[in-house]
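As structure tokens, the structure follows; a few thoughts come after it.
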Amino acid sequence: SHPHSIVRQRTMQRHGSFCQCPPAETHLSGGGGQTEHSPPSAAGQQPGQPCHICGGKDQEHRLKVLFQVLDVNGDGGICVNDLTIGLKKLGVHRTEHELLKIVKAGDKDLDGQLDFEEFVHYLCDHEKKLRLVFKSLDRKNDGRIDSQEILQSLRDLGVHISEEQAEKILKSMDKNGTMTIDWNEWRDYHLLHPAGNIPEIILYWKHSTIFDVGDSLLVPDEFTAEEKQTGMLWRHLVAGAGAGAVSRTSTAPLDRLKVLMQVHGSRSKTMGGIIGGFTQMIREGGLRSLWRGNGINVIKIAPETAIKFMAYEQIKLLIGSNQETLGIGERLVAGSLAGAIAQSSIYPMEVLKTRLALGKTGQYTGMVNCAKHIFLKEGMAAFYKGYVPNMLGIIPYAGIDLAVYETLKNYWLQHFAKDSADPGVFVLLACGTTSSTCGQLSSYPLALVRTRMQAQATVEGAPQMTMTGLFRHIFRTEGLRGLYRGLAPNFMKVIPSVSISYVVYERLKVTMGAKSK
């Protein structure tokens, strides 16, 4: 590097991580930037005076010095390796994944490094985002953030941390020991960090609907305004639908076995166990029969996902929340209503899936033939049998699923989050799988009664009962255990479903160019 840059570098390290020149927008008040009433910066610089570290008085000079420090080999470009070495010299530690995100975000000519123009463009854009976040956190509008403001802002986003943790977060950014953060401290801490928005902490914790467990999750993902505008949202949804299709097809034999056990479990001795059930299915219709009803189960994923998401977005507007991320209560209400709308729209397909899964070899030639057969024999009302228990099951499923997920999330943040709010894939999958399983367990009796009602016309000698009549009948003749028939194959498919959908989703996202959060 140039001798001057070494001198500047040493000076910068003495005065803090980065040069303390004010940004170009210093005339902004209330956003943490310095105004004519603001105290001098950490470097002792008055507004409008030249910076005694870099000699300049504007943002470009400040960024030029920073660029020279980070351009370790002096070749006019900053690559991941330069960032790793340069930031360590400045006492800033970032993971390789974070550094890759920085280079990818700013690398317009795709040469694997940032030249000065790209570097300035990336950081200026990044500073605008940081200033907006600073203003949203600075609730008192005094140009400083304290621990209570951090605590309240995170709570509004559904992340509950203790006062001690809020103070710990604040201390990590507070360079002058005032227990508050001014704009310079905020900017310097976050300047070369890929997360430019506090809600991105929440996006790490998306309760992802793409981790398919064979029953649709009812509370859709939260997407940022940027994802919606750039079309990333639809790429995520399409990738999710594709992942769901692959995972459901992979676990379809277990799903069909569950339906058969729910309907025939008490009547058929051979249906008493997993192996007996598979043996009977293969004997009756060969290996191919294990996937009976899977076609309609896959087809309904796309319309249900799209309707659910669009309904969720509209309900969020009706609730009147102007925040990007809803609170837990709002998410439960919006998610349950969106789930009810989506389920109502595709419910006839649910009935078709059950009838096809229960059908004998040669009974139906396909989905259309099955639908025609039901319509001619039982009328239009047959397509909505079991609708009431299905709708009633949405509230306990969504409520318990969300409550368990939030509890696990907050437990992890309280006990294991040290340097980052990013939990990693394994923790996300474990939390999502556990919460979904608890949700299913709570609503399983309603799901069983729904399936029985959908299938009543196909079971010889079975009386046509109402929901409450069927509950009483099952409880009286089979006991509490009867309400949980088919639970074993249902739980057996959870882990393979989640694993397969995750792997396929990640692959499809890369193929479609949807960047991962």
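We did not get these values from a lab; they are worked out from the coordinates using the rules stated. Note that the coordinates shown come from a computational prediction; the quantities given were computed from them, not determined experimentally. Quick reminder, even Gly has a Cβ in these numbers, built from the backbone with ideal geometry, and neighbours come from all protein chains shown.
Of the listed pairs Lys171/Lys409; Lys108/Lys316; Lys228/Lys258, which have alpha-carbon separations greater than 29 Å here? Over 29 Å apart, Cα to Cα: Lys108/Lys316; Lys228/Lys258. Listed cross-link partners Lys140/Lys175; Lys353/Lys509; Lys64/Lys128; Lys101/Lys140; Lys104/Lys135 are compared with a 23 Å cut-off, the Cα-Cα value being larger for Lys353/Lys509; Lys101/Lys140; Lys104/Lys135. Annotation for Glu506 and Val388: the two label points, set 7 Å from Cα along the Cα-Cβ direction, are 4.6 nm apart.
Spin-label pair Gln229-Leu480: with each label point 7 Å from Cα along the Cα-Cβ axis, the two points sit 5.5 nm from one another. Working note: Karplus 6.51/-1.76/1.60 with θ = phi - 60° gives the range 397-402 the couplings 4, 5, x, 6, 4, 5 Hz, where Gly and Pro are set to x.
Each peptide in 94-107, 445-458 gets a packing score, the mean of other Cβ atoms within 10 Å over its residues, and the list from highest to lowest is 445-458, 94-107.
Peptides 477-485, 496-504, 237-245, ordered by how many other C-beta atoms sit within 10 Å of their residues on average, highest first, read 237-245, 496-504, 477-485. Straightening the chain between Asp75 and Arg139 buys 18.7 nm, computed as 0.36 nm per residue apart minus the Cα-Cα spacing.
Computed from the Cβ-Cβ distance with R0 of 60 Å, the FRET efficiency linking Thr466 to Phe426 stands at 0.85.
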